[in-house]
Amino acid sequence: MEKQFTYKAKDQRGETVTGTMAGQSRREVALILQTQNLIVLEIGEKKKSRELLNKEISIRIGTVTDGELSRFCRQFHIMQNAGIPILTCLELISEETKNKGFAQDISGVCHQIKSGASLSQAMTVYRKSFPTLFVFMVEAGEISGNLNDILLKMAAHYQTEEKNRAQLQQTLFYPMILSIVFVLVLIFLITTVLPTFADMILIMNADLPGPTRFLMGLSHALSTGWPMMILISVGLAAGFTCLTEIDSVANFRDWLKIKLPLIGTINHQRYLGRIAATLGMLLESGIDLLAALKRLEGIADNRYIKGELIVLREKVTNGKSLSQSMAESDVVPSLFCQLVAIGEASGALPEVLCTLNLIYEDEIRSRIQLLNTSLEPVILLIFGGLVLFVLAAIMLPVFEIYSAYSSI
């Protein structure tokens, strides 16, 4: 787990430089500072209590969105095309950025560059604003000399991610509202309407049917035991959160994320598209295959996918081709492997990987549309059935009493 460290160092001009940096240990932070041509004077772990006391009061809601990253890349690309120096580009973008936290981090990058760091090294300090993938690609652009092209590709990448996320949120919005309304209706029927009918029936000394007795017990539990239910729910949520910190449980959870119907398929295809796009961009930037596969591991936030990528890299290191190694993985489908094999044979692997990314983008859009058309009727059937069950539990005793009086 990464920690925050404070440091004091001297730059090449002899000026004292202070700041904070994330890292696994003091040694790692020291090595990063040395690569920035800084002479380390002092490194100390930043305690959370001290961090809270010294923290500037600034409102930063959430992290930097994919849309903001896409705009940053496009603005940076346009200014670079115009021949504007990197520092000037960043200063201008910082002034125009509405997200204050993002703007502060861009200014921090400017400060790091002035202290002698490269662009990618400076961005590494601000992980909240610049994802690992973005930093890797910027570093690849610096090494290969085509940073401007990388910025344009990353702008398109984050724009696609933002569109997919917005489309998925739009698809899930109506079913969520529908679910909330149905739950409120069910609670009202169980806690208000059902007890009224049940009391009338008990006065008449009639027996309650099984469904009615079950719902009466649930109504009593909701009416009198809701504080305990809330505490139990919070406890279960906290316990589940702690449980998912265990590697085996987290690995199983991430495996479920790509295996569940519809949503799992969308997640799986998102990861495949990201792998294809990132690997293609890294190879186009002149990075060799093993180094590119190593960097792929750093951008995978799914532990199961990351484990498969580690195994994949090991197999390629041992002499197998990329397509052969992918064919032995449960994550990579046959179409992906076949096209990668064609790319390896023809020497056009980066182009094939970019084509695969486009294929998965179309697949994701189709899956989201399918989710949109199938989710609403499923929710209507489930909650409609529950409402009918509650109404039946309310009306069955009434019909029984009516039948009993009719037979007299």
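The values are calculated or read from the model by the stated rules, or taken from the named source; none is laboratory data. Please read these numbers as outputs of a predicted model, since none were measured by experiment. Note that each Cβ is placed from the backbone with ideal geometry, even for glycine, and that neighbours are counted across all protein chains shown.
Structural remarks
- Any hit, segment 162-180, residues being in contact with a Ser or Thr (Cβ under 9 Å, 6 or more places away or on another chain) and either farther than 22 Å from residue 300 by Cα or in contact (Cβ under 8 Å) with a residue 12 or more places away in the chain (or both): yes
- Residue list for segment 119-135, filter: in a helix (DSSP H, G or I) and either among the polar types (S, T, N, Q) or under 18 Å from the mean Cα position of the chain (by Cα) (or both): 120, 121, 124, 132, 133, 134, 135
- Condition met for residue 207 (in a loop (DSSP other than H, G, I, E, B), exposed (fewer than 15 other Cβ atoms within 10 Å of the Cβ), at pLDDT below 80 and of a type outside the set (A, V, I, L, M)): yes
- Residue satisfying all of: in segment 281-298; within 18 Å of residue 350 (Cα to Cα) and in contact (Cβ under 8 Å) with a residue 60 or more places away in the chain; surrounded by the fewest Cβ atoms within 10 Å (Cβ to Cβ) among these: 286
- Residue in segment 154-164 that is more than 29 Å from residue 19 (Cα to Cα), surrounded by fewer than 16 Cβ atoms within 10 Å (Cβ to Cβ) and under 22 Å from the mean Cα position of the chain (by Cα) present: yes
- Residue 235 at pLDDT 85 or above and either assigned to a helix (DSSP H, G or I) or assigned by TED's automatic domain parsing to the domain that holds residue 386 (or both): yes
- One residue alone among 359, 364 is buried (at least 21 other Cβ atoms within 10 Å of the Cβ) and in the same structural domain as residue 275 (by TED's automatic domain parsing), and that residue is 364.
- In segment 312-408, counting only helices (runs of 4 or more DSSP H) that sit wholly within it, the ones holding 3 or more residues that are under 30 Å from residue 186 (Cα atoms) and in contact (Cβ under 8 Å) with a residue 40 or more places away in the chain span 349-407.
- Single condition residue 338 does not satisfy, out of (1) under 30 Å from residue 249 (Cβ atoms); (2) surrounded by fewer than 17 Cβ atoms within 10 Å (Cβ to Cβ): (1)
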